[in-house]
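S.K.: Sharing a structure with you now.
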Amino acid sequence: MLKVTEISFGYTSKEVIKNISFKANKGDYIAIIGESGSGKSTLLEIIYGLLHIEKGTVSWNDEKLLGPNFRLIPGEDFMKYLPQDSDLMPFITVEENIGKYISSQDKNKGKRIKELLKIVDMVEFSQTKVKNLSGGQKQRVAIAKVIAKEPEVLLLDEPFSHIDNFRKNKLRRNLFKYLKSKNILCIVATHDFTDALSFADKILVIRNGKLIAKNTPEKLYSNPKSAYIASFFDEINKIPLNEIDSNTTSKKMILLYPNEIKLTAKEGIKATVISSYFEGSHYLIEAILNKTTLFFEHPKKLRNNQQVFLKLTKKAAN
Ligand code: ADP
Ligand code: MG
């Protein structure tokens, strides 16, 4: 088990990681989400042992990790870390790049390389020099490289950021299935909500260096405690309660996803359509309700300036 206990860290006197604690088990997939600059990369570097922490501890199977000041080469052997901008050797082939991480004594080296290339869907590029690959292809080779040695813990920083959607889903399914089958703990920093929602066992949300939520994807999505959290998953509507209920003067806001607001026939909350945006399976309709702009989903395009009646399908106010 990985145990992060009350860690704080600053590059200068200003702390950018503030008293973070969490636990993760073997085989878990943990997603760390948070806006840019919130501390995701810093947190991964602390866990891997690249940054020295004055406060708090990181331990693996009840053994405290020493950190960079106490090791000749920073970084733990049982972990692999893929930084946001990882480096490959440009002038050798994909196969050679991955091969560097597999012992030449290994009789199955060739087979293993092929298996890794299959996971990242790069078999057809095995003989291509890395300098001739696209950004997304390089990222896929980099992923194969860090799983080559079967680490116990894998830390990935925005690993799919340059990979097109066309490939991303298949790659994620392959990779996370493989990691589960090998019982490898994987922690991914990401701002792509699918990485987190569809695959993670647990999501950690960080904001300004603080861990503000820690829960399963289902629970975080269906009951986000703040607009900050909800906005990772979808466009979020923040509606003042007194705009939809004339009986209250409460300044409370309610949070609703676009799929929680529905068009009704003749009664409900009156709003005016501003725009319709095609999103494939539906339209995202932008409308104005008194002074608040809101978004909801509808199967058809609506006429601009049209008056509509809306029903909110979620009662919870927060
Ligand atoms: P994220 O990965 O969530 O975008 P980072 O962990 O990279 O966030 O950064 C957290 C904070 O630490 C930011 O305010 C950033 O400016 C600062 N920071 C990151 N790296 C350094 C560094 N090497 N020196 C000083 N400050 C840094
Ligand atoms: Mg980062």
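S.K.: Given H placed on each backbone N at 1.01 Å, which residues far from ILE184 in sequence or on other chains put an amide H within less than 5 Å of it?
M.R.: GLY27
S.K.: Also, I was wondering about something else. Given 37 °C and 0.692 mPa s, how large is the Stokes-Einstein diffusion coefficient of the chain in µm²/s, with Rh as the Kirkwood radius over Cα pairs?
M.R.: Working: Rh = 22.1 Å.
After rounding, the answer is 148 µm²/s.
S.K.: Keeping every protein chain present and rolling a 1.4 Å probe, give me the accessible area per residue for segment 161-318 in Å².
M.R.: 56 Å²
S.K.: Once the Cβ-Cβ distance between TYR277 and GLU6 is put in as r, and R0 is 45 Å, what FRET efficiency do you end up with, to the nearest 0.05?
M.R.: Working from the Cβ atoms, E equals 0.50.
S.K.: Rounded to the nearest percent, how much of the accessible area of the chain (1.4 Å probe, protein heavy atoms only) is carbon and sulfur?
M.R.: Carbon with sulfur: 49 percent of the solvent-accessible area.
S.K.: Something else about it: Lys/Arg Cβ at +1, Asp/Glu Cβ at -1, dipole of segment 2-226 taken about the Cα centre: which of PHE199, SER226, LEU154 is farthest positive-ward?
M.R.: PHE199
S.K.: So how far, in whole Å, is the C-alpha centre of segment 189-214 from the one of segment 219-274?
M.R.: For segment 189-214 versus segment 219-274, the Cα centre distance is 23 Å.
S.K.: Please arrange ARG172, ARG303, ARG207 by accessible surface area, largest first, computed with a 1.4 Å probe and ligands excluded.
M.R.: I get ARG303, ARG207, ARG172, largest accessible area first.
S.K.: Just to check I understand the Karplus step: with θ = phi - 60° and J = 6.51 cos²θ - 1.76 cosθ + 1.60, what whole-Hz values come out for segment 54-61, glycine and proline as x?
M.R.: Computed from phi, the couplings for segment 54-61 are 7, 10, x, 9, 10, 10, 10, 6 Hz.
S.K.: Turning to a different aspect of this structure: How many nm separate the modelled label positions at ASN247 and LYS23, each set 7 Å beyond the Cα in the direction of the Cβ?
M.R.: Spacing of the two 7 Å Cα→Cβ label points: 4.6 nm.
S.K.: Order 242-249, 44-51 from most to least packed using the mean count of other Cβ atoms within 10 Å. The partial results should precede the final answer.
M.R.: Details: 242-249: 12.4, 44-51: 21.2.
Ranking the peptides 242-249, 44-51 by packing returns 44-51, 242-249.
The values are calculated or read from the model by the stated rules, or taken from the named source; none is laboratory data. None of the values given here were measured: they were computed from a predicted structure. Cβ coordinates were reconstructed from backbone atoms using ideal geometry, including for glycine residues, and neighbour counts include every protein chain displayed. Accessible surface is based on the protein model in full, side chains and every heavy atom, while ligands, DNA and RNA are left aside. Shrake-Rupley method; radii C 1.70, N 1.55, O 1.52, S 1.80 Å.
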